[in-house]
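Remarks on the structure that follows.
The values are calculated or read from the model by the stated rules, or taken from the named source; none is laboratory data. Everything quoted here is computed from the prediction, not taken from an experiment. Note that each Cβ is placed from the backbone with ideal geometry, even for glycine, and that neighbours are counted across all protein chains shown. These accessible areas exclude ligands, DNA and RNA; they are computed on the full protein's heavy atoms, side chains included. Shrake-Rupley method; radii C 1.70, N 1.55, O 1.52, S 1.80 Å.
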Amino acid sequence: MKKSIFLLILAVCVFFSGCSNEFAKEDYNNTSKIAQTDNYAAQVSKTTTKNGSVTFSVSKFDGYITIWEQTMTSDTNLPANVSLSLASGTAKLVLVDGNRNVTTLVEHKSEASNDITGKSSPDAVVRLTKGKNMIKLVGYDCEKVEVEITFGEVTAR
């Protein structure tokens with residue numbers, strides 16, 4: 001009987017600890033963690049890559065996830081139109097370059113509402129460095145997130 005009660009309490013503790021988004025809030029500005037492996041909780045996500053563009057949508061999101069990556073053999077400038085919209089929460093798109101430097105491309109803080117609001121960075125130039133470069137979505141308390149990135153012609157630096 002004692003063993004059953006212990007296992008039930010343990011299961012409840014594991015369940016509640018796994019449902020917290022505190023890690024996402026704590027890591028939102030932690031560039032060293034963001035530059036490493038992904039850590040996220042998401043519901044109903046979809047990524048599409050087509051004709052030089054990437055779209056990513058997710059109904060609920062907390063954490064940081066890579067939505068685009070490219071390994072470069074030399075430093076390169078890449079023109080891009082970057083947009084981020086969400087119904088609620090706090091989110092940003094960041095570039096993690098080949099040197100593990102993290103640069104915010106666009107950031108958005110939304111008040112809870114039924115209306116999706118967005119931010120964009122049209123005609124931005126993404127500066128890629130030699131090595132593995134990634135664009136990541138970073139956020140917490142996010143609902144109805146939509147990301148679209150359209151890339152232009154690559155130019156050497």
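Are any residues in segment 24-66 surrounded by 16 or more Cβ atoms within 10 Å (Cβ to Cβ) and at positive phi, and if so, which ones?
Once the filter is applied, which keeps residues that are surrounded by 16 or more Cβ atoms within 10 Å (Cβ to Cβ) and at positive phi, segment 24-66 yields only GLY63.
Could you go through segment 78-87 and let me know if any residue there is of a type in the set (A, V, I, L, M, F, W, C), farther than 14 Å from ILE135 by Cα and touching an Asp or Glu at 6+ places or on another chain (Cβ under 7 Å). Quick ask: steps written out before the conclusion?
From segment 78-87, those of a type in the set (A, V, I, L, M, F, W, C) are 78, 80, 82, 84, 86-87; that's our starting set.
Now narrow it down to the ones that are farther than 14 Å from ILE135 by Cα: 86-87.
Going one step further and asking which of them are touching an Asp or Glu at 6+ places or on another chain (Cβ under 7 Å), we end up with 86-87.
Yes: one or more hits.
Could you grab me the full set of residues in segment 58-76 that are among the polar types (S, T, N, Q) and within 22 Å of PHE23 (Cβ to Cβ)?
Here is the first cut: in segment 58-76, the ones among the polar types (S, T, N, Q) are 59, 66, 70-71, 73-74, 76.
Listed by number, the residues that qualify are SER59, THR66.
Name the residue that is least open to solvent (accessible area, probe 1.4 Å), counting only residues in segment 99-149 that are at pLDDT 95 or above and of a type in the set (Gly, Ala, Ser).
Only one residue fits best here, namely GLY139.
Which numbered condition in (1) touching a residue at least 24 places away in the same chain (Cβ under 8 Å); (2) more than 13 Å from the chain's Cα centre (by Cα) is the only one that LYS109 fails?
In the conditions (1) touching a residue at least 24 places away in the same chain (Cβ under 8 Å); (2) more than 13 Å from the chain's Cα centre (by Cα), LYS109 misses (1) alone.
Report yes if some residue within segment 74-94 is of a type in the set (Ser, Thr, Tyr) and touching a His at 6+ places or on another chain (Cβ under 9 Å); otherwise report no. So that I can check it myself, show each step before the final result.
Kept after step one, since they are of a type in the set (Ser, Thr, Tyr), are these residues of segment 74-94: 74, 76, 83, 85, 88, 90.
Next cut, touching a His at 6+ places or on another chain (Cβ under 9 Å) only: 85, 90.
Looking through segment 74-94, at least one residue is of a type in the set (Ser, Thr, Tyr) and touching a His at 6+ places or on another chain (Cβ under 9 Å).
The rows are residues; the columns are (1) at pLDDT below 95; (2) of a type outside the set (Ser, Thr, Tyr).
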{"site": "MET1", "(1), (2)": "yes, yes"}
{"site": "SER4", "(1), (2)": "yes, no"}
{"site": "CYS13", "(1), (2)": "yes, yes"}
{"site": "PHE16", "(1), (2)": "yes, yes"}
{"site": "SER20", "(1), (2)": "yes, no"}
{"site": "THR31", "(1), (2)": "no, no"}
{"site": "ASN51", "(1), (2)": "yes, yes"}
{"site": "VAL58", "(1), (2)": "no, yes"}
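Could you list, in sequence order, all residues of segment 67-93 that are hydroxyl-bearing (Ser, Thr, Tyr) and buried (at least 17 other Cβ atoms within 10 Å of the Cβ)?
Taking segment 67-93 first, the residues hydroxyl-bearing (Ser, Thr, Tyr) are 71, 73-74, 76, 83, 85, 88, 90.
Of everything in segment 67-93, those that are hydroxyl-bearing (Ser, Thr, Tyr) and buried (at least 17 other Cβ atoms within 10 Å of the Cβ) turn out to be THR76, SER83, SER85, SER88, THR90.
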